[in-house]
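Let me begin by presenting the structure, written as structure tokens, before commenting on it.
The values are calculated or read from the model by the stated rules, or taken from the named source; none is laboratory data. Only a predicted model underlies this, so the values are computations on that prediction, with no experimental measurement involved. Heads up, the Cβs are rebuilt from the backbone with ideal geometry, glycines too, and the neighbour counts pull from every protein chain shown.
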Amino acid sequence: MDQVTQISERRTSVDDIFDYLHDEILSLRLRPGDKISEADVAARFGVSRQPVRDAFSRLANLDLLLIRPQRATEVRRFSAREIEKSRFVRAAVEREVLRRAAELCDEKGAAMLDACLAEQARIIKERDFDAFGALDYDFHKTLCHIAKVDFAFDVIQVEKAKVDRLCMLGLAKEDRMPQLVEDHEAIAAAVKANDPDRAVEIGVKHLARLDETIAHITATNANYFEPEDD
């Protein structure tokens with residue numbers, strides 16, 4: 001038990017720094033291209049530079065930071081190619097998840113979806129839009145569970161995280177969240193009706209809602225994107 005506690009304590013500062021910077025980046029308080037100082041972060045948390053480097057490395061692995069030798073670390077800009085790749089992978093996985101979920105959904109699965117939707121309706125009514133992100137993940141995780149492919153959520157989660165901060169630059173949450181909840185309700189209805197084709201159709205439409213956001217941000221904030229190779 002003591003050994004487990006010691007391991008936990010050794011990881012605490014890295015986790016705290018990672019969680020803080022992860023939230024700052026995804027919430028866009030740190031914007032694409034912003035520079036981050038190892039020394040400043042270490043001073044903020046009262047730690048040496050090593051846990052900061054470890055946290056930076058984890059964020060870099062998620063394509064959220066760009067670390068280059070002898071140059072300042074910066075918040076990674078969006079890559080049009082990587083966004084296209086992530087969306088392609090996620091769409092392919094989600095199509096199969098929705099198809100299987102619709103084929104396998106029973107009363108228990110339907111009740112799980114209803115519980116997810118009830119929570120989403122509650123936060124919309126309470127205008128607690130910041131809470132929607134976690135509930136959005138829960139909804140897609142529940143679909144994977146119903147489809148009996150829980151492992152698929154690992155892929156969805158990774159690919160979804162890569163474009164989450166891009167979503168933050170889109171429409172105001174007050175405008176976007178109700179529409180996404182309506183999509184979830186329609187997806188759930190198709191899954192509960194054991195209609196795979198309809199579930200996939202709505203799911204594809206749901207994922208395509210980011211198209212307008214990408215086009216808008218590309219036109220208005222081109223500096224947030226990495227230059228594309230010719």
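Checked against the criteria, residue 87 counts as of a type in the set (Lys, Arg) and under 17 Å from residue 163 (Cβ atoms). I'd like the residue in segment 14-33 that is among the charged types (D, E, K, R) and surrounded by fewer than 14 Cβ atoms within 10 Å (Cβ to Cβ) and, out of all such residues, is nearest to residue 160 (Cα to Cα). Here the residue is 23.
Checked against (1) out of contact with any Leu (no Cβ under 6 Å at 6 or more places or on another chain); (2) surrounded by 13 or more Cβ atoms within 10 Å (Cβ to Cβ); (3) not hydroxyl-bearing (Ser, Thr, Tyr), residue 76 passes all but condition (1). Quick check: is even one residue across segment 88-99 in the same structural domain as residue 211 (by TED's automatic domain parsing), assigned to a helix (DSSP H, G or I) and within 23 Å of residue 222 (Cβ to Cβ)? Scanning segment 88-99 turns up at least one residue that is in the same structural domain as residue 211 (by TED's automatic domain parsing), assigned to a helix (DSSP H, G or I) and within 23 Å of residue 222 (Cβ to Cβ).
Has segment 54-77 got at least one residue that is part of a helix (DSSP H, G or I), within 23 Å of residue 187 (Cβ to Cβ) and at pLDDT below 95? Taking every residue of segment 54-77 in turn, none turns out to be part of a helix (DSSP H, G or I), within 23 Å of residue 187 (Cβ to Cβ) and at pLDDT below 95.
Looking only at residues of segment 206-221 that are surrounded by 13 or more Cβ atoms within 10 Å (Cβ to Cβ) and within 19 Å of residue 96 (Cβ to Cβ), we find that the one that is nearest to the chain's Cα centre (by Cα) is 207.
Selection within segment 21-47: residues that are in contact (Cβ under 8 Å) with a residue 24 or more places away in the chain and assigned to a helix (DSSP H, G or I). The member of this set that is farthest from residue 64 (Cα to Cα) is 45.
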